[in-house]
Every structure is written in C-alpha cells, then in structure tokens.
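One structure is given below, encoded as structure tokens.
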Amino acid sequence: MTNRVVLIGHPVAHSFSGAMQQAALDALGIDARYELWDRLQIDLADAIAELRGEEFLGANITIPHKEHVVPLVDRLTEDAQATGAVNVISREGKKLIGHNTDVPGFKVALDKLVGRQKMPRHAVVLGAGGAARAVVHALITDGFQRIVVFNRHLHRGEGLVRHFGRSAAHMDLKAMPWHESVLEAELSKTKVLVNATSIGMILGESPIPAELLPPDLLVMDLVYNPSQSQLLKDAAAARCTTMNGELMLLQQGARSFELWTGQHAPLDVMQAELERAREHGLRQLPIDMGPSGGEGTPAAPGASGGAPSGGAGDGSAQPGRAARPSA
Ligand code: NDP
C-alpha cells in the first residue's frame, strides 16, 4: 500500500512543502505520496476526518487553517497547545495528534538571523494568524521582554494577546492598531521585525511602506515564495539584515517528516530540493481542489520568484505570479 501525506490549506499550489517532502520520502525509499489538498474552511472537518484512514501517515496544515484544526484533533502536543495552532498532524492508530513545528523552525531561523549579536529583547510582529502565534510563542520562550503585534483586524491581534495572557504575564505583550504613525514609533524602538502576514506572497506588495523601516533592523519575512518579498527588498535597501522563510520552512518540514516516518529527515536532500524549486519552479504534484472546485485558484506551479536569497534590494523583476492569499 502506498502511504499518503497531505498538505491541507487554501491556497496550496504556491507551497514548496510538497516538492521538499516528496524528495525526502523518495530519498529514503519510503513508499508514500505527498498530495496538495486545496480546501476551504467549510470542508476542513471532512478532510481531517479522512486522515484517520490507514494509508495516511499524517498531514501538514497551512494558511488559513492552523487555528481551525485545533478542535478537530484528538490530542495536542505542548507547542500546539501553547500556540493554539497546529501545522502538523501525525497518527497514533486511529487518533490524530496535533503538533506545532513552526515554533522550533522559527527559533532556528531567528538564531541565524541574529548571528553573533546578543539575542534582542524587543520585537514587532505583523500578523495574528497561526504563524504569528508560533512566532510570538517562540519569542516569549526565547526571553523577549516586549512584543508588539500589529494586525489588519485588531480584534484578532487582541485575541492572540489574550491567548498568551498567562505565559506572557512576566513581560509586555500587546496588540496595537495598524496605523502608520504607531508602527513607525514602535519600529524606531525595536530590533526585530517579523512579517507573519501572507501579504508578501503577492509580488510587489508589502505590509508596510519602505520609508517606515529604520536602518539596522533584523527583518524576517516568513514568506519564502517569492524568495525576496517586497518587504525584504525594501529592508535591504534600508540597510537592514534580512531573511526569508526558507530556513524556517526547511526546519519545520524536517521535524514534520520525522513525526510521520520515525526516521531522520535527509536535510541535505530537502535543502537541495528547495533550492531547485526556487531556481527552476515547482515539480507538478497532484493538487486536489476538493469539493468546492476551483474557487480561489492558486498560483501556477513555478511561481517561485526569481531573486536569489540574500540578493534583496536588487530590484530585479520577479518572474511568475504569486498566490493571492485568502484574506
Ligand atoms: P493565516 O491565514 O492564519 O493568517 C494570515 C495573516 O495575514 C493574518 O494576520 C491576516 O490578517 C494577514 N493578512 C492576510 N491578507 C492580508 C491583507 N491583504 N492585508 C493585511 N493583512 C493580511 O496564515 P498563517 O498565519 O498560517 O500564515 C501567514 C504567512 O506565513 C503565510 O504567507 C505563510 O505561507 C507563512 N508561513 C511560512 C512558514 C515558513 O515555514 N516559512 C510557516 C508558517 C507560515 P487578518 O487577521 O486581519 O485577516
């Protein structure tokens, strides 16, 4: 029996996870197929129920479902419980276990971004979805003393702050309204800026105007496709240190792989496949658009953006088109 692993989200076609995970499964000779399931929220419960079938090793969960999946699994691991968001599901018999490997994945990426400097204590986080929850949890447990969350819909940012009420009781975690003057004031006081919104997936669009970026910020955009989002280009032009979401993707993906297969993830194979996808576009994987058909048609495979990572600020044209995130 060929086993199955699926990525459930909306959209999914822009994702590099499929290519990366299939390459890892093939490299270890594991008879399993990674599939992309494009599902609207209304179809999520059915999709999760299907995972109880014997042929499934598990699943990745992506935008916009990471929080909605929480009540649909049987047990949550500590990071999933703490964040209230699930990005990986594994199976124990008929039971589904919800994990959050975005948290350790983000920590590895943040350590690399910070480099030899002392770990900063103040961060601005853009976004309040599933990814932002993983980022905020990682920052709290890394000892940050002040985290300010900006989100388009303020109430969701406030919900995130309430969720972390207890674990953040010793520090200053707050949600602020998304006004440029407020953002500018916070950015002038911070050292780390993390974009955990999906805005950068749209070519040329940035969550914040370039002129608000002070020099010397450490800027991470969780978006990895395109590899150089507009925010990262603007930040590099403002002499900030930048990083896209590729290292986090690799690290969360390696941990996902280990949860499904019980084997060490072949990091070099996964890294090479990410580089290949970035440079040559995505390999075709089966995309199941689900019961709702083609609504919200995602990006064409191959819309990986063209600029090499670290080459931000070069203003190079980005080939292909990016997926329009569901807002
Ligand atoms: P969610 O759908 O849970 O959250 C999306 C977030 O983006 C919300 O804060 C939403 O704001 C905001 N947003 C979306 N569209 C707009 C818009 N037009 N204007 C302003 N804000 C907008 O998604 P996730 O949190 O799961 O993912 C967010 C991003 O992080 C995605 O691009 C995803 O690919 C990336 N990611 C990368 C990872 C990696 O390994 N590199 C891991 C996880 C995520 P609102 O609440 O107001 O709608």
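With only Lys, Arg, Asp and Glu charged, each at its Cβ (+1 for the first two, -1 for the last two), find how big the charge dipole of segment 1-135 is about the Cα centre; round to the nearest 20 debye.
Numbers: 15 positive and 16 negative charges, 138 e Å.
So the dipole magnitude of segment 1-135 works out to roughly 660 debye.
Separation between the Lys174 and Asp111 pseudo-spin-labels, each 7 Å from Cα along Cα→Cβ, expressed in nm?
3.2 nm
Using per-residue counts of other Cβ atoms within 10 Å, averaged over each peptide, order 64-71, 14-21, 158-165 from highest down.
On the way: 64-71: 20.0, 14-21: 25.6, 158-165: 16.8.
Order by mean packing, descending: 14-21, 64-71, 158-165.
Using the Kirkwood radius over Cα pairs, work out the Stokes-Einstein diffusion coefficient for the chain at 10 °C and 1.306 mPa s, in µm²/s as a whole number. Write down the numbers at each step before the final one.
Values: Rh = 19.8 Å.
Estimated diffusion coefficient is 80 µm²/s.
I'd like the trypsin sites (Lys or Arg not before Pro) in segment 178-272 restricted to DSSP loop residues with at most 13 other Cβ atoms within 10 Å, sorted by number.
Working: sites: Lys189, Lys191, Lys233, Arg239, Arg255; in loops: Lys189, Lys191, Arg239.
Sites meeting the loop and neighbour criteria: Lys189, Arg239.
Placing +1 on the Cβ of each Lys and Arg and -1 on the Cβ of each Asp and Glu in segment 27-102, which of Gly29, Leu40, Val70 has its Cα farthest towards the positive end of the resulting dipole?
Val70
Points 7 angstrom from Cα along the Cβ direction at Asp74 and Gln263: gap in nanometres?
The modelled label-to-label distance comes out at 2.5 nm.
Arranged from highest to lowest average of other beta-carbon atoms within 10 Å per residue, in what order do the peptides 97-103, 206-212 appear?
Numbers: 97-103: 25.9, 206-212: 16.6.
Result, highest mean Cβ count within 10 Å first: 97-103, 206-212.
In Å, what is the Rg of the alpha-carbon atoms in segment 145-273, and how long is Dmax?
My reading of the Cα-based Rg and Dmax gives 16.7, 49 Å.
Which value at 222 nm does the chain reach when only helices count, each DSSP H run of 4 or more adding -39,500 (n - 2.57), with the total divided by all residues and rounded to the nearest 500 deg cm²/dmol? If you can, show how the numbers build up before the last one.
Values: 10 runs with 105 residues, N = 327.
So the helix-based figure for the chain works out to -9500 deg cm²/dmol.
Only the coordinates and a few stated rules stand behind these numbers; no lab work does. This one's a predicted model, so the numbers in the text were calculated from it and none came from an experiment. As a convention, Cβ positions derive from the backbone with ideal geometry for all residues, glycine included, and neighbour counts pool all protein chains shown.
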